[in-house]
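Each value in this text was obtained by applying a stated rule to the coordinates, not by laboratory testing. Given the structure is predicted, the values throughout are model-derived calculations rather than measurements. Neighbour counts are summed over all protein chains in view; Cβ atoms, including those assigned to glycine, are modelled from backbone coordinates with ideal geometry.
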Amino acid sequence: MTKPPNPYLVLAVATVLPGMGQVMNRQPLRGLTFVFFVLLLGAFTLKTAAPDVSVIGKTAGGIFVWAMAMIDAYKTARIRFATWQHKG
């Protein structure tokens, strides 16, 4: 088994680009799914938010999914890294 990426590196990459943490964890389809829902919910809240809402409020749906993708990527990387350390 090859050494998995450091969980903190995965978290940093997932913070910059949604779905890339999953790609680093060798879960590209899961990453693509997260990107799809970030864009879908971001566009939905952008379209349905009131005109006087801030940019953060207008994209809150996408930001929420992005945060969930970051947590998912970090937890998966942490489990894979701990398993690798235990076996090695």
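Looking at this structure, is Pro18 at negative phi and touching a residue at least 40 places away in the same chain (Cβ under 8 Å)? Reasoning before the result, please.
Values: at negative phi: yes; touching a residue at least 40 places away in the same chain (Cβ under 8 Å): yes.
For Pro18, the condition - at negative phi and touching a residue at least 40 places away in the same chain (Cβ under 8 Å) - is met.
Where residues in the range 1-59 are more than 12 Å from the chain's Cα centre (by Cα) and charged (D, E, K, R), which of them is farthest from Ile71 (Cα to Cα)?
Here the residue is Asp52.
For the list (1) at positive phi; (2) crowded, with 20+ Cβ neighbours inside 10 Å, I need the number of the one condition that Gly62 fails.
That leaves (1) as the condition not met.
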